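The values are calculated or read from the model by the stated rules, or taken from the named source; none is laboratory data. Remember, it's a predicted structure, so these values are computed and weren't measured experimentally. Counting neighbours? That spans all protein chains shown, and the Cβs are built from the backbone with ideal geometry, glycine included. The area values use the complete protein model at the heavy-atom level, side chains included, leaving out ligands, DNA and RNA. Shrake-Rupley method; radii C 1.70, N 1.55, O 1.52, S 1.80 Å.
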Protein chains: 2
Amino acid sequence: MNPSTALLTDHYELTMVQAALASGHADRRCVFETFARRLPDGRRYGVVAGTGRVLESLRDFRFGEAELAYLEEQQVVDARTLRWLADYRFSGEVWGYAEGEIYFPGSPLMVVEAGFAEGVLLETLVLSVLNHDSAVASAASRMTASAHGRPCIEMGSRRTHEQAAVAAARAAYVAGFDSTSNLEAGRRHGVPTAGTAAHSYTLLHGDEREAFANQLASLGGSTTLLVDTYDVRAAVELAVELAGPGLGGVRLDSGDLVSQAHEVREQLDSLGATGTRIVVTSDLDEYAIAALQAAPVDAYGVGTRVVTGSGHPAAGMVYKLVSREGADGRMEGVAKASTDKASVGGRKYALRRRGPDGSAQAEIIGIDEQPGDDGDDRTLLVPLVRGGEVVAPTDARTARAHHEAARAELPQRALRLSHGDPAIPTIYLDDWS
Amino acid sequence: MNPSTALLTDHYELTMVQAALASGHADRRCVFETFARRLPDGRRYGVVAGTGRVLESLRDFRFGEAELAYLEEQQVVDARTLRWLADYRFSGEVWGYAEGEIYFPGSPLMVVEAGFAEGVLLETLVLSVLNHDSAVASAASRMTASAHGRPCIEMGSRRTHEQAAVAAARAAYVAGFDSTSNLEAGRRHGVPTAGTAAHSYTLLHGDEREAFANQLASLGGSTTLLVDTYDVRAAVELAVELAGPGLGGVRLDSGDLVSQAHEVREQLDSLGATGTRIVVTSDLDEYAIAALQAAPVDAYGVGTRVVTGSGHPAAGMVYKLVSREGADGRMEGVAKASTDKASVGGRKYALRRRGPDGSAQAEIIGIDEQPGDDGDDRTLLVPLVRGGEVVAPTDARTARAHHEAARAELPQRALRLSHGDPAIPTIYLDDWS
């Protein structure tokens, strides 16, 4: 039995449940939608990630004795609500964009249909997971697009919360990263892990020769040697002297990476180490990767910038009540009306409009009805939970494949790094038809 | 028994352990230091947070059967290393700044002395926790300083990873926030929790009157009613009509908060609800709080910006080998020499130089020796772990009190929000004496 995820929740969800139970509205059928009002400033697309983790967390969303004892002791809710929580088990329906899918402003990324109390309780957990993982995946996708097939290694664990690090490694993998430094992400999510040595390892030894010789003896000639602790040129020469021209790789973690990559490649080639890979790892982001594309680099290690969403650490998604049962038993669209946070009421359905060549043209959103498919289009909402049971895959590998395919549909302009508008427009069916 | 934290670690720590075991250097005495090369751009001080969480995680840093099985299956390390890991238990010494302490560039925030393999294994976990929690606390402290005693409520759980949210609530509390929306932070760390209702609660009902009446009936007249779902003026009138002038509070979550706060205060007062509090909660950060100080606001709810470090989601701390046993058995300072990431070798000791009035004047750092106390100074490194046993408090409340006292020593300029240099200089003893 996994630890309960039920208290990863805002206090006010529970007080709302209490008030709704008291008023008799707790079971009123409701539709909650998760969407982003806009993409981060200048971004051309977003990537949904975390869907699988939401579904896995949902299975563990139970109020056990320990959780109930805390709520009772702190008088968060009354006795009736505690009894209701003790029996809580999500029994509703969830649809959503498949994990790895591309999204745009207004895309209904996760749609929860349930009684009010059942659905409102999930708000914080759904948003925490999707906002974090999608922020990382959206940044990571720009990096892998910029790397044009050169492998990207996620190594930012030390720059984010220790559990966020595990999720970040997974999200980066979904968005095309090849591996991670994070061992728990390997164990928990099956992400391939990688790594060899840090500067501290070299400094531990009397000199670089001893450090390299010991590393090669223990990890073999296919290892990657870190060559920038003292003098890069001397270290590369030493590395090939000790390992032979079959050395697996060298890593550069400081300095001007573009010029160093050229120099090191030339030096390696001159020493016959033509197959030795050059890995670069210092403060990279999508822009640095793009700038290094013309340099002879074989792999990019990315840290801080990928795990913190490259300037946008939260995806800005919200979870809103958009439709609920009225007094007459029929579903009615609802929306906050005042000032700057107004949203569109009614349940959304979504379609990616595609041209005959399969290229994405628009995000079509129908309100209270499924938009018609022109023949080349792709329905975006898939069933995730039916009657409380998870019915969709939750693994990172499936999401990674989906992301690759979905991104390939985007027009070329979507992959530009410069500030721009969303790559395709979001069109509400009212406007379209 | 808590879950193991041992795989919250980068792959390369384990390959370094393997290589060091093979070469016979694994037990070589080493000193690793955690420090930040600089503060985030324009910040005048940083706040150390997460120290208590590091110490708690250290207790659970064990390689159990499940962890070892994963490492073996994936061939991360060899059989000898697996046997060594199976017996792993940190047996070294740790000193550090007390949690909640103020820091500056170069401050030796956590100093780990242990055999190489024992110490190097902690790098990722120490950095993940300190970089995350300190980033949040450093932002939070600017917010509470700007609020000048008005309560700040942390409510950003939905904008960060679900477990990072719990740690963020704790870090914000350390830096002077009064409460959090996050229930797990209440249970796990004793942070007071708060919250009443969201827009979805109002929209659930046929109209605002029904929603407010039900909330008041269930949660009592001391509750806070959210008044911006439709029309603020009408909602405030309705709120006082239903609750009476003793209504606890109203919350504004959108629009121009400054002008609305004035209007709502006037309206509340005219209705006799002079004690009804106004809580504001829309996209606040330290600058918005400062701008609202002249408005009649009673509490600030802060979300995204506090949990994401207000533009600086990672504190940029590094964990470096600075000293190790040489071939002659004596400790020697070591440091990476090349290019842009050079650091200062040797073990650091630190003192906050204070004037006779107790005001902080400089961060004095001694290399391989404790700086002399002028009589008014404060020693900054305290023992955290002795012989593998945690000897310091790990709770958030102690850290919160420490932060309040440490911040009070800073010169007034430290609390300005504008871009500036570190509030006091960091002086290495070589330069000072």
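Tabulated values for the structure
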| read-out | value |
| --- | --- |
| Over chain A, relative contact order from alpha-carbon pairs under 8 Å, at least 6 apart, % | 23 |
| Å² per residue, accessible surface of the range A:149-310 at 1.4 Å | 30 |
| With every protein chain in place, the protein assembly as shown: carbon and sulfur % of accessible area (1.4 Å) | 47 |
| Count, lysine Cα pairs under 15 Å in the protein assembly as shown, 8 or more residues apart or across chains | 6 |
| Shortest-first distances to equivalent copies, position A:D373, nm, label 7 Å out along Cβ | 7.6 |
| Cα-centred dipole magnitude for the range A:149-310, charges only on beta-carbon of K, R (+1) and D, E (-1), debye, nearest 20 | 640 |
| Counting DSSP beta bridges with both ends in chain B, the antiparallel % (nearest 5) | 65 |
| Calculated label separations, A:A362, copies of the chain, 7 Å along the beta-carbon direction, nm | 6.8 |
| Top positive-direction residue, dipole computed over the range B:196-297 with Cβ charges, set B:G244, B:A290, B:L225 | B:G244 |
| Mean-position separation - Cα centroids, the range B:157-171 and the range A:12-44, in angstrom | 19 |
| Summed residue charge, Cβ within 10 Å of A:R62's Cβ, Lys/Arg positive, Asp/Glu negative | -1 |
| Protein accessible surface hidden between B and A, which excludes ligands and nucleic acids, total in Å², probe 1.4 Å | 7700 |
| Local net charge near B:E409, Cβ-Cβ under 10 Å (Lys/Arg +1, Asp/Glu -1) | +3 |
| When the range A:149-310 is reduced to its Cα atoms, the Kirkwood hydrodynamic radius in Å | 16.1 |
| Per-residue mean of C-beta atoms belonging to partner chains within 10 Å, peptide B:254-264 | 1 |
| Computed [θ] at 222 nm, helices only, for chain B once each DSSP H run of length n ≥ 4 contributes -39500 (n - 2.57) | -11000 deg cm²/dmol |
| Heavy-atom surface of the range A:41-129, accessible at 1.4 Å and reported per residue (Å²) | 30 |
| For the protein assembly as shown, with +1 on Lys and Arg beta carbons and -1 on Asp and Glu, the positive-most of B:V17, B:V258, A:V174 along the dipole | B:V258 |
| Length-normalised contact order for the range A:149-310 - Cα pairs under 8 Å, 6+ apart - percent | 25 |
| Calculated from backbone phi, Karplus (6.51, -1.76, 1.60) coupling profile of the range A:70-79 in Hz, x at Gly/Pro | 4, 5, 6, 4, 8, 6, 5, 9, 7, 5 |
| The protein assembly as shown - charge dipole about Cα centre, Lys and Arg +1 at Cβ, Asp and Glu -1, debye rounded to 20 | 160 |
| Position A:R413, label points 7 Å along Cα→Cβ, spacing to each other copy in nm (shortest first, one decimal) | 5.0 |
| Charge tally in the Cβ shell below 14 Å around B:A314, where Lys, Arg are +1 and Asp, Glu are -1, B:A314 excluded | +1 |
| Alpha-carbon centroid distance for the pair the range A:102-146 / the range A:50-74, whole angstrom | 19 |
| Drop in accessible area of at least 40 Å² in the complex versus isolated chain, residues of the range A:309-326, 1.4 Å probe | A:P313, A:A314, A:L321, A:R324 |
| Most to least accessible of A:E389, B:E56 (protein chains only, probe 1.4 Å) | A:E389, B:E56 |
